[in-house]
1. Which three extents, in whole angstrom, do the alpha-carbon atoms of region 215-333 cover along their principal axes, largest first?
2. Which ³J(HN,Hα) values, rounded to whole Hz and listed in residue order, are derived for region 35-46 from phi using the Karplus coefficients 6.51, -1.76 and 1.60 in 6.51 cos²θ - 1.76 cosθ + 1.60 with θ = phi - 60°, glycine and proline given as x?
3. Ignoring solvent entirely, what values of log10 I(q)/I(0) come out of the Debye formula for region 98-191 at 0.21, 0.24 Å⁻¹ when each Cα is a single scatterer?
4. So what is Rg over Rh here for region 1-148, counting just Cα atoms and using Kirkwood for Rh?
5. Roll a 1.4 angstrom probe over the protein heavy atoms and tell me the percent of accessible area of the chain that is carbon or sulfur.
6. Ala324: net charge of surrounding residues, Cβ under 13 Å, Lys/Arg +1, Asp/Glu -1, itself excluded?
7. Can you quote the Å³ per residue value for the convex hull of the Cα atoms in the chain, rounded to an integer?
Amino acid sequence: VNFGSQGFTYTPPSGFKALCTENLSLKQAPSAVTKPQRHFDTLLFDGTGNSGRTLTGLEFKPDFFWGKSRSGGFQHILYDSVRGTGTSKSLSSNQANAQGNNSAHSNLTSFDHGGVTFGATSSTDILNYSGGNSVGWFWKAGGAAVSNTDGRVTSTVSANPEAGFSIVQFEAQTTNINITVGHGLGRKPAFWMWKSIDNTIGWYNYHKSIGYNGWINLNTTSQATTGNAAAWGAEPTDTVLTHGSGLVNQNTIMMYVWAEIPGFSKFGSYEGNASTDGTYVHCGFRPAFVLTKMIDTMNENWTISDSSRSTYNPVDLFLRPDEAVKIPVVQQQWTFYLMDLN
C-alpha cells in the first residue's frame, strides 16, 4: 500500500490506475460558478413583529425570495425584483390565486445587498410575526430587468447566465397560437415555474425529464401530464422558450427559469427501488437545496429539503411547496427534481 508519501516506484500496469479521489468518477465536479454562495443561499430567521425587520447574511443582493414559516401552517410566500415588493405582489406556491390575493401574506418591502427587509406587520403576516421562525431561499438573477427581443413577444428579463437563473415577465398571447419568449440564459433551460399573476390558475412547470409535451403543477399533488404540448409547444432553446396555445389569455406571466450549471445545479429524474437504501443520484456536488416530486403512478406531495435546516444526514426536515402545513416528520423522498449548490 502506498499512502502517498512518495510516488510509485514502478509504472502501473496498462489499464490500471491508482485508487485515489483524483481517479474516481464520483469526485466533486469543479463548479462553473466562482463562489456558489454569491448566487444562492438559505437563511433561517425569527420573526419580531416589528416593521423594518432586516434579514442579513447573504453575499449578494437577491432577486428571488421564497419563504416559509417553520413554526406554523402558513402559506409559502414568493417575491421577485422584477414585479417588486409589498403585500400586493406576493405569490404563494401552494395556491392558484393571483398575486396579492393570498389568504395570508408577508410584507417584504425591499431587496437589499445581503438580504431583504420586511415592512409593517399585522396579525396576518406569516413570516415576521413575533415568536415565529421561518426559512428563506434566495437566488440572484441579473438585478434591474431589461427588455429581451429574442422571441416573438418582447419579455422583461433579469438574467444571471453564470448561475443559470432568470426571472421572465411577459404578456400572454390573446389568440390560439404558440409564441416564443426570450429567457436570457444563453443555454437551454432545464426547469421553470410558470404563473399568471392576474388570474386564478395553478403553477405550471416544465422539466427536461418530462419534456415539452407535458407539465407538472406546483400547487397540487397531481402526477405529471404527458403527451400534451398545449402548455409549451416545443422544446426550449439557448435563447427562447415556447409559450403554448393552451395558456392563451392568461394576461401577465411570471416565469422563474433555471438551466444546468456543472458543479452548481443539476436537474434529473430517477426510479425508486422500494428499499431503505434508496436510489443514489449523482449530482457532482453536495446539494444545498433539493426539490422533489413523484411524477407518475401516485399523487404525492412536493418536498423541499435544504442543508441549512438539516445540517447532517439523514435529512429528516422538509417542507411541502403544495401545502401550507409544517411537517416535522422524517422525509421519504420520491423523485429527484432540482438541486442547487451552496
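The values are calculated or read from the model by the stated rules, or taken from the named source; none is laboratory data. Everything quoted here is computed from the prediction, not taken from an experiment. Every residue, glycine among them, receives a Cβ derived from its backbone with ideal geometry; neighbour counts consider all protein chains shown. The area values use the complete protein model at the heavy-atom level, side chains included, leaving out ligands, DNA and RNA. Shrake-Rupley method; radii C 1.70, N 1.55, O 1.52, S 1.80 Å.
1. For region 215-333, the Cα extents along the three principal axes come out at 45, 31, 28 Å.
2. 9, x, 5, 8, 10, 8, 6, 10, 10, 9, 8, 9
3. -1.08, -1.19
4. So for region 1-148, dividing Rg by the Kirkwood Rh gives 1.27.
5. Carbon and sulfur: 49 percent of the exposed surface of the chain.
6. For residues surrounding Ala324, the net value is +2.
7. So the per-residue hull volume is 164 Å³.
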